[in-house]
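Encoded as structure tokens, the structure appears first; notes follow it.
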Amino acid sequence: MVKKYIVGLLLFVCTLSSAQSNAPADHWIAVRAGRLFDGTDKLAANQVILINADRIVKVGPAAQVQVPANAEVVDLIHPTVLPGLIDAHTHVFGDGPDFDNQILRDSYQYRTLTALANAQKDLMVGFTTLRDLKTLGAMYSDVDLRNAIDRGIVTGPRMQVATRGIQATGGFIMRGYSPEVPLPNALQVVDSPWAAREAVREQVAHDADLIKLYAAYDFHFTSDGKLVSPPTFTAEEVNAIVDEAHKKRRKVSCHAFAGEGLRNCLNAGVESIEHGAELDDGDINLMVQKGICLVPTLYHYQMDREHDMKKYGGHSVAEVSEHSFRKAVAAGVKIAFGSGVGPFPHGTQTREFAYMVKFGMTPVQAIRAATSEAAQLMG
């Protein structure tokens with residue numbers, strides 16, 4: 001039903017999360033919506049959204065919502081209004097595909113300013129909330145960015161941040177440099193269950209909202225097109241990360257394309273699988289059984305299709321991820337919108353919606369993935 005209408009995203013409403021954070025308590029805004037999608041499955045006509053200071057206090061039919069006389073009225077009787085969108089997989093500290101140069105040449109201060117600009121680009125296309133999944137070597141700068149937005153110092157989307165991320169030795173590293181040159185790590189490195197627990201404790205102490213681990217990083221294709229992605233951590237290390245995070249009331253995000261590393265995360269009980277490019281029937285059954293969310297990042301791999309085909313002998317991550325996504329949708333796996341934006345330009349990730357629908361979702365399911373489903377994932 002929603003696809004019959006042109007969806008209007010109002011920047012005034014998008015920026016409310018931060019621009020209104022210091023608004024006085026007697027500041028009222030009434031948004032009159034000709035059509036309103038509620039983030040689940042309803043498209044209601046002639047609605048009013050009543051906002052006081054920085055909070056939505058009531059939503060309902062225009063005849064039933066009493067608007068204060070001093071309220072600022074925003075007339076949206078012709079567009080369709082929907083909740084602020086959520087991108088559950090972003091990298092605001094990523095500013096293009098050349099991560100090496102950003103890490104080696106730019107200061108934390110410069111990278112934080114760039115991250116703010118990137119977060120604002122995402123906000124301006126309707127993403128009022130971001131789940132940002134590592135700083136790519138900028139340590140705990142994302143905590144400062146999140147706090148500055150929350151305190152109304154700068155305008156930006158609400159953010160949950162994963163700070164440094166966690167990897168094993170040899171995972172997400174810079175390649176092609178002399179071994180004599182000491183290089184910074186893009187993520188925190190751990191190589192035992194106790195070191196893994198220590199990393200979680202350290203990141204939580206620095207105010208991480210969630211924990212991100214790289215359970216499988218490198219990959220290749222067999223001659224018959226099967227994606228092979230060896231694990232980076234042992235099952236014991238993954239269990240330690242997840243157990244320690246849950247003890248600290250933090251959710252866990254697991255980067256994994258396929259195979260044993262992904263399965264270790266499912267068995268340990270992570271909250272989300274990032275990418276999940278090749279999911280077998282057992283993986284999908286476990287995700288459904290445990291309520292583990294898939295954050296698919298489809299658009300990113302569609303962009304890389306031609307590059308992958310040349311590099312991997314006619315095979316691509318895009319090809320296998322499409323097949324897995326279709327199976328996951330059909331099986332009822334929880335799916336949250338996540339674009340992986342950062343290697344490609346911020347503010348362009350709405351293209352993810354087109355691939356979600358092309359590969360098996362209804363338009364309503366796709367919008368729900370970026371509203372109520374992503375909200376549940378983030379708590």
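The values are calculated or read from the model by the stated rules, or taken from the named source; none is laboratory data. Fair warning: this is a prediction, and the values are worked out from it, not measured in the lab. Reconstructed Cβ throughout: ideal geometry from the backbone, glycine too, with neighbour counts over all protein chains shown.
Structure notes:
- Residue within region 140-149 that is assigned to a loop (DSSP other than H, G, I, E, B), under 19 Å from the mean Cα position of the chain (by Cα) and in contact (Cβ under 8 Å) with a residue 40 or more places away in the chain present: yes
- Looking only at residues of region 330-379 that are among the β-branched types (Val, Ile, Thr) and buried (at least 20 other Cβ atoms within 10 Å of the Cβ), we find that the one that is nearest to the chain's Cα centre (by Cα) is 341.
- Of the residues making up region 53-92, those that are more than 28 Å from the chain's Cα centre (by Cα), touching a residue at least 24 places away in the same chain (Cβ under 8 Å) and either in a strand (DSSP E or B) or surrounded by 14 or more Cβ atoms within 10 Å (Cβ to Cβ) (or both) number 11.
- Checked against (1) more than 21 Å from residue 192 (Cβ to Cβ); (2) surrounded by 24 or more Cβ atoms within 10 Å (Cβ to Cβ); (3) in contact (Cβ under 8 Å) with a residue 24 or more places away in the chain, residue 259 passes all but condition (2).
- Whichever residue in region 212-246 is at pLDDT below 95 and part of a strand (DSSP E or B) and, among such residues, is surrounded by the most Cβ atoms within 10 Å (Cβ to Cβ): 216
- One residue alone among 338, 313 is more than 21 Å from residue 272 (Cα to Cα) and not in a helix (DSSP H, G or I), and that residue is 313.
- Test: residue in region 364-375 that is outside the structural domain of residue 36 (by TED's automatic domain parsing) and over 30 Å from residue 115 (Cβ atoms): yes
- Residue in region 332-339 that is touching a helix residue (DSSP H, G or I) at 6+ places or on another chain (Cβ under 7 Å), modelled with pLDDT of 95 or more and on the phi > 0 side of the Ramachandran plot present: yes
- Filtered residue count, region 326-358, keeping only those that are in contact (Cβ under 8 Å) with a residue 24 or more places away in the chain and farther than 28 Å from residue 95 by Cβ: 9
- When the test is whether a residue is part of a helix (DSSP H, G or I) and either aliphatic (A, V, I, L, M) or outside the structural domain of residue 370 (by TED's automatic domain parsing) (or both), residue 286 passes it.
- Of everything in region 170-190 that is assigned to a loop (DSSP other than H, G, I, E, B) and at pLDDT 95 or above, the residue that is surrounded by the most Cβ atoms within 10 Å (Cβ to Cβ) is 187.
- Flag for residue 34 being in the same structural domain as residue 139 (by TED's automatic domain parsing) and either buried (at least 16 other Cβ atoms within 10 Å of the Cβ) or in contact (Cβ under 8 Å) with a residue 40 or more places away in the chain (or both): no
- Subset of region 193-211 that is out of contact with any strand residue (DSSP E or B) (no Cβ under 9 Å at 6 or more places or on another chain) and exposed (fewer than 15 other Cβ atoms within 10 Å of the Cβ) - its residue that is farthest from residue 377 (Cα to Cα): 194
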